[in-house]
Amino acid sequence: MSSQDRAGDPPLKILTYNVHSCVGTDRRHDPARIAEVISASGADIIGLQELDVGRRRTGSVDQAHAIASALRMQAHFHPAIHVEEEKYGDAILTALPVRMIKADGLPSIGEPRGAIWVEVTAGDRTLQVINTHLGLRRRERLQQVAALLGPAWLAHPDCLGKPTILMGDFNSVPSSLAYRTLTLGLRDAGLPGPKPRPTFPSRYPLLRLDYIFLSGDLASRGIHLPADPLSRRASDHLPLLATVEFTAESHGGGTNSGS
């Protein structure tokens with residue numbers, strides 16, 4: 001009997017994708033192309049980083065809305081940077097019932113960074129989903145990881161002990177202290193299994209920077225890295241797709257109380 005049969009919930013496809021303001025490696029701005037990559041993945045819940053909303057450099061397009069509309073999904077967007085009418089940040093998209101929990105900044109030394117947290121209902125279960133984009137400096141990444149693991153986010157009573165996904169562009173390789181700190185309490189959806197492939201740069205990937213982390217009551221059926229010609233052109237990162245399911249132990253019918 002499979003874990004899906006035991007838990008009674010179908011698996012979910014989770015995708016994280018740094019879209020580089022929808023400007024591809026061919027320097028063309030094309031939100032529709034990003035939507036096409038996502039659609040081909042069949043993802044149920046999507047975390048996007050580096051979205052422009054109302055920025056002159058990308059034609060003042062609301063990229064979060066444009067991509068979500070093309071996919072017939074809802075978008076919840078958090079601007080890590082907000083200057084007058086121009087915004088830049090991260091979003092979570094899904095067609096499943098969703099409720100915004102929190103969107104806020106993270107400790108930053110250079111460019112402001114943030115995170116967004118929603119609760120998604122899948123069948124008779126709820127899932128806490130956090131999407132983020134960490135900074136470029138080692139010290140600020142460690143501060144940001146500490147914040148995410150702390151009482152404002154993953155250790156918050158509304159999240160602690162519940163099925164949770166943390167995903168995004170962490171700007172950290174697997175040997176880094178930031179990654180190792182995260183995996184003390186969360187599991188990399190790409191492990192165990194064959195060594196996960198790098199995600200950046202998309203044309204000739206050398207570095208693994210993008211991750212999907214799972215709480216202990218979720219299991220990964222494996223990850224997939226779409227690396228077709230379209231994905232290699234659409235952004236400077238490749239998207240990362242994980243197939244995730246609730247474990248039998250986590251199934252309680254309705255929201256997990258964490259007790």
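The values are calculated or read from the model by the stated rules, or taken from the named source; none is laboratory data. Everything quoted here is computed from the prediction, not taken from an experiment. We place every Cβ from the backbone using ideal geometry, glycine too, and count neighbours over all the protein chains shown. Areas reflect the complete protein model, heavy atoms only, side chains present, ligands, DNA and RNA absent. Shrake-Rupley method; radii C 1.70, N 1.55, O 1.52, S 1.80 Å.
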Q.
It is to be established whether one or more residues within the stretch 96-104 are in contact with a helix residue (DSSP H, G or I) (Cβ under 9 Å, 6 or more places away or on another chain) and surrounded by 15 or more Cβ atoms within 10 Å (Cβ to Cβ).
A. no
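So which residues in the stretch 12-32 are touching a helix residue (DSSP H, G or I) at 6+ places or on another chain (Cβ under 9 Å) and either at pLDDT below 95 or open to solvent by 40 Å² or more (accessible area, probe 1.4 Å) (or both)? Steps first, please.
So in the stretch 12-32, the residues touching a helix residue (DSSP H, G or I) at 6+ places or on another chain (Cβ under 9 Å) come out as 13, 15, 17, 19-26, 28-32.
Scanning the stretch 12-32 gives Lys13, His20, Thr25, Asp26, Arg28, His29, Ala32.
Test Gln49 against the criterion of being open to solvent by less than 40 Å² (accessible area, probe 1.4 Å), of a type in the set (S, T, N, Q) and farther than 23 Å from Leu127 by Cα, and give yes or no. Give the steps one after another, and end with the answer.
Working: open to solvent by less than 40 Å² (accessible area, probe 1.4 Å): yes; of a type in the set (S, T, N, Q): yes; farther than 23 Å from Leu127 by Cα: no.
No.
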Q. In this structure, does Arg141 turn out to be at pLDDT 95 or above and open to solvent by 60 Å² or more (accessible area, probe 1.4 Å)?
A. no
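Are any of the residues in the stretch 222-243 surrounded by fewer than 21 Cβ atoms within 10 Å (Cβ to Cβ), basic (Lys, Arg) and within 30 Å of Pro10 (Cβ to Cβ)? So that I can check it myself, show each step before the final result.
Filtering the stretch 222-243 down to residues surrounded by fewer than 21 Cβ atoms within 10 Å (Cβ to Cβ) leaves 222, 224-230, 232-233, 236, 243.
If we keep only those that are basic (Lys, Arg) as well, we get 232-233.
Cutting the leftovers down to within 30 Å of Pro10 (Cβ to Cβ) gives us none.
For the stretch 222-243, residues surrounded by fewer than 21 Cβ atoms within 10 Å (Cβ to Cβ), basic (Lys, Arg) and within 30 Å of Pro10 (Cβ to Cβ): absent.
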Q) If you go through the stretch 190-202 one residue at a time, do you hit one that is part of a strand (DSSP E or B), open to solvent by 10 Å² or more (accessible area, probe 1.4 Å) and closer than 24 Å to Asp52 by Cα? A) yes
Q) Is it true that some residue in the stretch 70-89 is over 28 Å from Ala155 (Cβ atoms) and free of Cβ contacts under 8 Å to residues at least 12 places away in the same chain? A) yes
Q) So, of the residues in the stretch 75-95 that are open to solvent by 30 Å² or more (accessible area, probe 1.4 Å) and touching a strand residue (DSSP E or B) at 6+ places or on another chain (Cβ under 6 Å), which turns out to be farthest from Gly42 (Cα to Cα)? A) Ile81
Q) Which ones in the stretch 78-102 are within 19 Å of Val37 (Cβ to Cβ) and not charged (D, E, K, R)? A) Ala91, Ile92, Leu93, Thr94, Ala95
Q | Single residue of the stretch 159-180 satisfying the filter (of a type in the set (Val, Ile, Thr) and open to solvent by less than 40 Å² (accessible area, probe 1.4 Å)) that is nearest to Ile92 (Cα to Cα) | A | Ile165
